[in-house]
Amino acid sequence: MSCVLQLYRIQASSSRFSNCGRMSISFLHNKGFINGSWVDAKSGKTFEVKNPATGEVIGLAPDMDVEDTKSAIKAAADAFPAWAKTPAKERGVLLRKWYDLMVSNSDEIAKILTWEAGKPLSESKGEITYGNSFIDWFAEEARRINGEVLQSPVRNREMVLLKQPIGVAALITPWNFPHAMITRKAGAALAAGCTCVIRPAEDTPFTALALVDLADKAGIPKGVINIVTSGRPNAAPIGKELCENPLVAGLSFTGSTEVGKLLYKQCATGIKRVGLELGGNAPFIVFNSADINKAVEGAIASKFRNCGQTCISANRFIIQDGVFDEFVEKLRDRMSKFKLGNGMDCDVNQGPLINAAQVKKVEAIVKDAVDKGAKVLHGGERASNIGELFYVPTLLVDIKPNMACYTEEIFGPIAVCLKFKTEEEAIAISNGTSRGLAGYFYSNDLNQAWRVARNLEVGMIGINEGLISAAEAAFGGVKESGIGREGSSHGIEEYVYIKYLCFGGI
Ligand code: NAD
């Protein structure tokens with residue numbers, strides 16, 4: 001229980017946290033969870049998890065490796081036949097109990113999440129409401145995994161399509177949404193009748209372990225959910241095992257396009273089912289007809305949530321010439337009012353970046369843009385007076401296609417604004433990237449809205465809206481942003497296969 005004690009001590013000794021209440025310690029864990037038991041790494045090794053706001057070590061988690069992963073996969077494979085045969089209604093009831101426990105413990109989970117991910121407490125609560133909603137949704141959807149009876153082309157024959165769970169699902173998740181990325185995958189997998197092995201990000205294992213604890217308390221049988229934590233060096237060997245072990249039927253990964261491509265190749269060895277939710281480069285277009293105040297509010301919500309570390313975050317603001325100056329000025333004004341700080345302080349609305357690598361990446365992107373002629377209208381530097389990992393929200397104009405901020409996913413609090421004249425030009429700029437996750441546009445011209453929605457090469461679009469995620473909606477991208485969909489009724493399809501039955505001689 002060392003991690004629990006450390007967390008408790010830090011919280012108790014820091015007056016900065018006092019205004020957010022005391023932490024319940026009942027579901028903080030510093031062990032992995034395999035076959036219904038809390039376990040250390042077989043090697044006995046651990047890794048440190050740090051609070052990005054303060055740099056303090058908040059706990060130690062087991063640094064598991066391939067051997068631990070094999071045990072977790074075996075446990076999931078052993079549990080699969082019984083879970084797959086459990087009536088969907090009963091699986092739904094257990095998911096619903098899990099959801100109820102997550103709701104009743106939301107405040108405490110939010111504190112764990114802010115502690116390890118750094119996002120403001122209000123955002124952690126928002127993520128938890130969103131993350132919980134997937135378990136609620138899939139608890140209901142479990143009962144609607146229906147097959148089909150087909151019209152036979154010949155006499156004396158009946159033809160039926162069954163949907164069956166694929167088997168053990170490997171779920172690899174990132175740090176930017178440590179709660180919701182797990183529930184969005186695990187909810188669908190469990191509803192479908194699959195068992196799973198989760199490998200959460202090394203920066204944020206404690207939220208994941210808390211969720212698994214609540215799943216256990218909800219009565220989800222042993223072996224159905226297993227979790228393997230590790231530091232970054234063991235991520236690749238664990239990932240390879242999850243992709244190549246013959247007992248694993250499919251992989252669902254959320255993270256960078258680079259790692260996604262590697263895992264996709266590794267899964268090819270065993271022709272595994274693959275779902276990939278990868279990086280984006282979202283255009284955010286504002287047309288002359290738009291309501292600029294609403295567009296600015298949408299821009300703030302889309303760009304700066306989680307300090308810009310969101311895969312569907314607006315990456316390039318593409319603004320029509322008639323409203324460019326007004327939009328930029330209003331955006332700058334809103335950005336200048338941000339309060340940076342420790343997310344545990346209740347009035348903070350921008351936390352730190354997750355780690356030093358992310359800060360360096362953001363600094364390099366800003367430097368590259370400035371070196372190539374971009375103008376800084378706000379920010380452009382670290383907020384070192386607050387902490388090592390804080391970066392002032394930054395606004396750049398005079399952006400050119402040869403700048404990294406134009407071509408790459410920024411994943412930080414940097415807003416870049418480009419000017420365009422015609423709708424065709426805006427579409428060409430938007431689509432001129434290998435990514436295609438989300439896109440946004442603001443327009444009050446209905447015909448234009450339909451045209452632009454059809455022409456943007458992305459999987460999701462916010463039209464006069466900056467926040468688009470919901471359990472009811474299909475989340476996913478095109479091009480190098482991924483394959484497959486999460487959430488909605490389509491999310492379950494990733495975890496079932498169709499079996500065709502042909503009854504002859506009837
Ligand atoms: P990342 O790809 O480096 O890491 C994601 C996860 O994969 C982490 O848990 C990491 O430990 C693990 N990992 C790293 N290398 C691995 C390997 N070889 N084998 C197995 N696992 C490995 O990404 P990140 O820096 O953690 O997250 C940022 C990226 O994730 C961004 O590009 C962002 O757009 C993307 N993302 C996408 C979505 C989405 O739904 N499309 C959501 C969140 C984040």
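The values are calculated or read from the model by the stated rules, or taken from the named source; none is laboratory data. Remember, predicted model here, so these are calculated numbers, not experimental data. Cβ placement follows ideal geometry from the backbone for every residue including glycine, while neighbour counts extend to all protein chains displayed. SASA here: full protein model, heavy atoms, side chains in, ligands and nucleic acids out. Shrake-Rupley method; radii C 1.70, N 1.55, O 1.52, S 1.80 Å.
Could you list all residues from region 439-460 that are within 15 Å of the ligand (Cβ to nearest atom) and either assigned to a strand (DSSP E or B) or among the hydrophobic types (A, V, I, L, M, F, W, C) (or both)?
Gly439, Val458, Met460
Please find, among Gly412, Gly487, the residue that is within 23 Å of Ala191 (Cα to Cα) and within 16 Å of the ligand (Cβ to nearest atom).
That would be Gly487, the only listed residue that is within 23 Å of Ala191 (Cα to Cα) and within 16 Å of the ligand (Cβ to nearest atom).
Go through region 183-236 residue by residue and tally those that are assigned to a strand (DSSP E or B) and either open to solvent by 10 Å² or more (accessible area, probe 1.4 Å) or in contact (Cβ under 8 Å) with a residue 60 or more places away in the chain (or both).
So the count comes out to 7.
Leu251: part of a helix (DSSP H, G or I), at pLDDT 95 or above, among the aliphatic types (A, V, I, L, M) and in the same structural domain as Trp137 (by TED's automatic domain parsing), yes or no?
Details: part of a helix (DSSP H, G or I): no; at pLDDT 95 or above: yes; among the aliphatic types (A, V, I, L, M): yes; in the same structural domain as Trp137 (by TED's automatic domain parsing): yes.
No, not satisfied.
Could you say whether any residue in region 355-363 is modelled with pLDDT under 95, β-branched (Val, Ile, Thr) and open to solvent by less than 60 Å² (accessible area, probe 1.4 Å)?
So far as region 355-363 goes, no, none of its residues is modelled with pLDDT under 95, β-branched (Val, Ile, Thr) and open to solvent by less than 60 Å² (accessible area, probe 1.4 Å).
So, of the residues in region 237-261 that are open to solvent by 40 Å² or more (accessible area, probe 1.4 Å), near the ligand (Cβ under 9 Å from one of its atoms) and not polar (S, T, N, Q), which turns out to be nearest to Tyr497 (Cα to Cα)?
Filtering first and then ranking leaves Lys240.
Check Lys361, Lys294 and return the single one that is within 15 Å of the ligand (Cβ to nearest atom), outside the structural domain of His179 (by TED's automatic domain parsing) and assigned to a helix (DSSP H, G or I).
On the way: Lys294 fails: within 15 Å of the ligand (Cβ to nearest atom).
The match here is Lys361.
Look through region 100-121, keep the residues that are hydroxyl-bearing (Ser, Thr, Tyr) and within 18 Å of Asn176 (Cα to Cα), and return whichever of them is least open to solvent (accessible area, probe 1.4 Å).
Thr114
Could you tell me which of the residues Ala426, Ala369, Ala404 is small (Gly, Ala, Ser) and open to solvent by 10 Å² or more (accessible area, probe 1.4 Å)?
On the way: Ala426 fails: open to solvent by 10 Å² or more (accessible area, probe 1.4 Å); Ala369 fails: open to solvent by 10 Å² or more (accessible area, probe 1.4 Å).
Every option except Ala404 fails the conditions.
Considering only residues that are touching a residue at least 40 places away in the same chain (Cβ under 8 Å) and loosely packed, with under 13 Cβ neighbours inside 10 Å, which ones fall in region 141-157?
Of everything in region 141-157, those that are touching a residue at least 40 places away in the same chain (Cβ under 8 Å) and loosely packed, with under 13 Cβ neighbours inside 10 Å turn out to be Arg144, Asn156.
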